[in-house]
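Shown next, in structure tokens, is the structure this report addresses.
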């Protein structure tokens, strides 16, 4: 089927053109050119069109699951969390034997500390598992500690690898239930102009997404990563990054090798050169020794799989760049939140993409000012990375931030949210750079580009930060077919 989109304003130039979509590709034509036969013609009436948006760092099943969990994002203390838990148990208790799951608490700025005893006081019998906002820790009561095999834990606050097995068990919901939640989340993403994601769940998701596509869930491109514990299985199948998965109808591809080298800021486990500002001689956690990281990257390069290295603290970032340099491999550093000045030019020099989540800067600004206070000018330095020639790729790390690229774009260009003054505004980047970091193939749309498009009602080049966050999306097309349509 061929589709002609008439009167489309191309982002970023504003040129008025028609787009002919055929066989999954775009042809840019003059509005006066009537030489193309099409099956359907849609008048966009001057709406703006850009390549479909990508979220380059998502935990999709976790995002779908989190949308139904007890929301703790507005809580301000351990006592506040226990109050919210108690209210949920009174108003909407879980089914007999089920675990009450919550998500989104942030304890880095609390004056009190989470502890299992606090939850036991309001939930003595119902298992309660509360995942932290950054997904690097959880808080459990005694009933949950017994259920999930951590009864001897002294505090009930499990960090990093202590908590990951529990996270995997919580994901074990019936397939048809999870697929329904995922389908809802995919529709919500399409409504924001999203055409593709890099899926970085810890479990092997490539076969899962192939099955979903076969079942009709075909509104999203998914690049599926793999972690070291499943790396051999991926290699044995001969899959290289970018290869289409058999049965995935071209929508599911092999993604990167994801390696988590350190922790996270809010959990105070990001690996830093200097100890954290709270006075403890604590530099965070290094999960992967430097020699082991070099070995993993070298093996990934050998088998054509692009490395995506999680590094948040400045020391972790230096070690990740050292490993890329030692191997001579290209890839990405995921997060790159705190950087030494000497490492800024190394991204471009080594061909390493800074895969960053700008909305995290808005979530983290107060935590940075407290726990990285002496180095805050080196945190979330998107402007400095761009000036040093680095390539940026934007993501959400959903569910850590909502799967909505417009939020990341707004945060990157304005460095503010909720009416607050911009935080380190010197690190803001131009809107065109932010948009280019949220698509694939660059701007503007050119002949032969994939017919993956986002149609919006406002010019993003001139929109305010608030307008970007609420950007009205009139349509989304994937391979030339509509996955979202509203008003066009």
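What are the residues in segment 140-149 that are in contact with a helix residue (DSSP H, G or I) (Cβ under 7 Å, 6 or more places away or on another chain) and not in a helix (DSSP H, G or I), if any?
140, 141, 148
Among the residues of segment 1-24 satisfying the criterion of being within 18 Å of residue 480 (Cβ to Cβ) and not in a strand (DSSP E or B), which is modelled with the lowest pLDDT?
For segment 1-24, the residue satisfying everything is 1.
Does residue 68 satisfy the criteria of being at positive phi, in a loop (DSSP other than H, G, I, E, B) and out of contact with any strand residue (DSSP E or B) (no Cβ under 8 Å at 6 or more places or on another chain)?
So residue 68 fails the test.
With the requirement that a residue be buried (at least 20 other Cβ atoms within 10 Å of the Cβ), without any contact (Cβ under 8 Å) to a residue 24 or more places away in the chain and within 21 Å of residue 86 (Cβ to Cβ), what does segment 127-149 give you?
Once the filter is applied, which keeps residues that are buried (at least 20 other Cβ atoms within 10 Å of the Cβ), without any contact (Cβ under 8 Å) to a residue 24 or more places away in the chain and within 21 Å of residue 86 (Cβ to Cβ), segment 127-149 yields only 143.
The rows are residues; the columns are (1) under 20 Å from the mean Cα position of the chain (by Cα); (2) buried (at least 21 other Cβ atoms within 10 Å of the Cβ); (3) outside the structural domain of residue 190 (by TED's automatic domain parsing).
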| position | (1), (2), (3) |
| --- | --- |
| 422 | no, no, no |
| 435 | yes, yes, no |
| 450 | no, yes, yes |
| 464 | no, no, yes |
| 472 | no, no, yes |
| 481 | no, no, yes |
| 485 | no, no, yes |
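If residue 441 satisfies all but one of (1) over 30 Å from residue 65 (Cβ atoms); (2) assigned to a loop (DSSP other than H, G, I, E, B); (3) modelled with pLDDT of 95 or more, what's the number of the condition it fails?
For residue 441, the failing item is (3).
Answer with yes or no whether residue 220 is modelled with pLDDT of 95 or more and closer than 25 Å to residue 482 by Cα.
Taking the combined requirement at face value, the residue satisfies it.
Please count how many residues of segment 210-230 are closer than 16 Å to residue 180 by Cβ and not in a helix (DSSP H, G or I).
Residues that pass the stated criteria total 6.
Would you confirm whether or not segment 417-425 contains a residue that is over 30 Å from residue 40 (Cα atoms), without any contact (Cβ under 8 Å) to a residue 12 or more places away in the chain, in a loop (DSSP other than H, G, I, E, B) and in contact with a helix residue (DSSP H, G or I) (Cβ under 7 Å, 6 or more places away or on another chain)?
yes
Just one of the numbered conditions (1) within 28 Å of residue 199 (Cα to Cα); (2) surrounded by 14 or more Cβ atoms within 10 Å (Cβ to Cβ) is not true of residue 7; which one?
Just one mismatch for residue 7, condition (1).
How many residues are surrounded by 13 or more Cβ atoms within 10 Å (Cβ to Cβ) and either assigned to a strand (DSSP E or B) or touching a helix residue (DSSP H, G or I) at 6+ places or on another chain (Cβ under 8 Å) (or both) if we restrict to segment 25-58?
Number of matching residues: 18.
Select from segment 150-175 the residues that are part of a helix (DSSP H, G or I) and either touching a residue at least 40 places away in the same chain (Cβ under 8 Å) or under 21 Å from residue 94 (Cα atoms) (or both) and list them in ascending order.
Hits for segment 150-175 are 160, 161, 166, 167, 168, 169, 170, 175.
Inspect all residues belonging to segment 250-273 and state whether any of them is over 22 Å from the mean Cα position of the chain (by Cα) and either part of a strand (DSSP E or B) or farther than 30 Å from residue 452 by Cα (or both).
Yes, some residue in segment 250-273 is over 22 Å from the mean Cα position of the chain (by Cα) and either part of a strand (DSSP E or B) or farther than 30 Å from residue 452 by Cα (or both).
If the requirement is being under 30 Å from residue 484 (Cβ atoms) and not in a loop (DSSP other than H, G, I, E, B), which of these qualifies: 130, 178?
Just one listed residue meets the conditions, 178.
Run down 221, 192 and say which single residue is more than 13 Å from the chain's Cα centre (by Cα) and surrounded by fewer than 23 Cβ atoms within 10 Å (Cβ to Cβ).
Result: 192 is the single residue among 221, 192 that is more than 13 Å from the chain's Cα centre (by Cα) and surrounded by fewer than 23 Cβ atoms within 10 Å (Cβ to Cβ).
The values are calculated or read from the model by the stated rules, or taken from the named source; none is laboratory data. Computed from a prediction, not measured in an experiment: that's the story for all the values here. Counting neighbours? That spans all protein chains shown, and the Cβs are built from the backbone with ideal geometry, glycine included.
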